[in-house]
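K.L.:
To start, I am sharing the structure in question, which I have written as structure tokens.
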């Protein structure tokens, strides 16, 4: 089967959507399918990975104005967002409310690339998988599908199966309000897809509000290659060392309580953060007020592929997770594979005493969840996606 995968995140990023795309593309190719992935223009040469795993990658400009060069280290978007003035923040907030954000540009560049290649005969998929968010991936893919399906009907070809995979809601995402027009836009976009995949049922109500979508929904969790977790034996660090892997957010994922407690305490420790280290990113904005006070005790590292990340996490004394009710963070799967105790708290309910226990090597309140790892095995997850065809 010829499979087209569209996404805004891919290797070498370590975000959940990048992992979703990377793992599925590899597994589809391993199963013998002809896989072509359309992703933004990362400054990467994918030829070695294409030869090793058997898929193909087509890179697309991430944008043409505000989002141009977003995936490059010195991209225009990164520079524009670095330490924005209050007026600029206010204007960009209005822009996000009206358009959904600068990543909307990717819908246009993605559609142009897909449409051009289909017209040239180099893109003839039987199965289309659109991996979002951002919503621009679904928006651009849906526009392509309308034109592509019309051409296939005229040619008498077999129908194509189209799947929209969501990691989070778009219009009904509670943390960010949008212009009502986006509800209509999402409803229209969802009509272009035969199936809608969600990672868990906690966001189900955000999609059943759309007429006709409820019957399209399948629940398929994040998938991981579980075969490569070969960690070295753990040895306690001379200085208490703990880590967080992921993105911080200025809303409900803000680590300010923890960082404030760390900045005000004495003693030695190392807090290592694997995150988006680009100037102006959400993570850097959250960390900025505490970097001077923490000094060398706070160590920032760029995100790395998960197989290397798990190995590094296995050498930490403990790991940090910031959670909120009703949400399962897939980073906990990697934390489980790393095999270290987990300090977890919900924003607004941080307990400094628990932090002190962990720093002292007492892990009685280890949060390590009882996860059935087999349900996250990429082989089972990919099979469920293919069963939608």
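The values are calculated or read from the model by the stated rules, or taken from the named source; none is laboratory data. Computed from a prediction, not measured in an experiment: that's the story for all the values here. Ideal geometry is used to build each Cβ from the backbone, glycine not excepted, and the neighbour counts take in all protein chains shown.
K.L.:
Consider segment 210-241. How many of its residues are over 27 Å from residue 25 (Cα atoms) and surrounded by 15 or more Cβ atoms within 10 Å (Cβ to Cβ)?
P.N.:
Step one: list which residues in segment 210-241 are over 27 Å from residue 25 (Cα atoms), which gives 210-212, 232-241.
Now drop any that are not surrounded by 15 or more Cβ atoms within 10 Å (Cβ to Cβ), which leaves 210, 240-241.
Number satisfying all stated conditions: 3.
K.L.:
Taking the conditions exactly as written (buried (at least 17 other Cβ atoms within 10 Å of the Cβ), touching a helix residue (DSSP H, G or I) at 6+ places or on another chain (Cβ under 6 Å) and within 21 Å of residue 33 (Cβ to Cβ)), does residue 164 satisfy them or not? Explain how you work it out, then say what you get.
P.N.:
Details: buried (at least 17 other Cβ atoms within 10 Å of the Cβ): yes; touching a helix residue (DSSP H, G or I) at 6+ places or on another chain (Cβ under 6 Å): yes; within 21 Å of residue 33 (Cβ to Cβ): yes.
Judged against the criteria, residue 164 is a match.
K.L.:
Just the residues that are under 30 Å from residue 223 (Cβ atoms) and surrounded by 14 or more Cβ atoms within 10 Å (Cβ to Cβ), please, taken from segment 288-306.
P.N.:
If the condition is that a residue be under 30 Å from residue 223 (Cβ atoms) and surrounded by 14 or more Cβ atoms within 10 Å (Cβ to Cβ), then 300, 301, 303, 304, 305, 306 are the ones that fit.
K.L.:
Working carefully through the options 203, 217, find the one that is farther than 18 Å from residue 6 by Cβ and within 17 Å of the chain's Cα centre (by Cα).
P.N.:
From the options 203, 217, the qualifying one is 203.
K.L.:
Shifting gears a bit: Can you tell me which residues in segment 327-376 are farther than 18 Å from residue 19 by Cβ and outside any loop (DSSP other than H, G, I, E, B)?
P.N.:
Scanning segment 327-376 gives 342, 343, 344, 345, 352, 353, 354, 355, 356, 357, 358, 359.
K.L.:
Being at pLDDT 95 or above and in a loop (DSSP other than H, G, I, E, B) is true for just one of 14, 32, 69. Which residue is that? Show your work before the answer.
P.N.:
On the way: 14 fails: at pLDDT 95 or above; 69 fails: at pLDDT 95 or above.
One residue alone meets the criteria, 32.
K.L.:
Name the single residue, out of those in segment 295-316 being in a loop (DSSP other than H, G, I, E, B) and farther than 15 Å from residue 336 by Cβ, that is modelled with the lowest pLDDT.
P.N.:
From segment 295-316, those in a loop (DSSP other than H, G, I, E, B) are 303-305, 314-316; that's our starting set.
Among the residues that remain, those that are also farther than 15 Å from residue 336 by Cβ are: 303-305, 315.
Details: 303: 83, 304: 83, 305: 78, 315: 95.
Looking at the filtered set, the residue picked out is 305.
K.L.:
When residue 192 is evaluated against the numbered criteria (1) in a loop (DSSP other than H, G, I, E, B); (2) touching a residue at least 24 places away in the same chain (Cβ under 8 Å); (3) under 21 Å from residue 95 (Cα atoms), which criterion, by number, is the only one it fails?
P.N.:
(3)
K.L.:
With respect to residue 152, determine if the residue is within 18 Å of residue 61 (Cβ to Cβ), free of Cβ contacts under 8 Å to residues at least 12 places away in the same chain and either more than 26 Å from the chain's Cα centre (by Cα) or in a helix (DSSP H, G or I) (or both). Don't jump to the end; show me each part of the working.
P.N.:
Working: within 18 Å of residue 61 (Cβ to Cβ): no; free of Cβ contacts under 8 Å to residues at least 12 places away in the same chain: yes; either more than 26 Å from the chain's Cα centre (by Cα) or in a helix (DSSP H, G or I) (or both): yes.
Criteria not met by residue 152.
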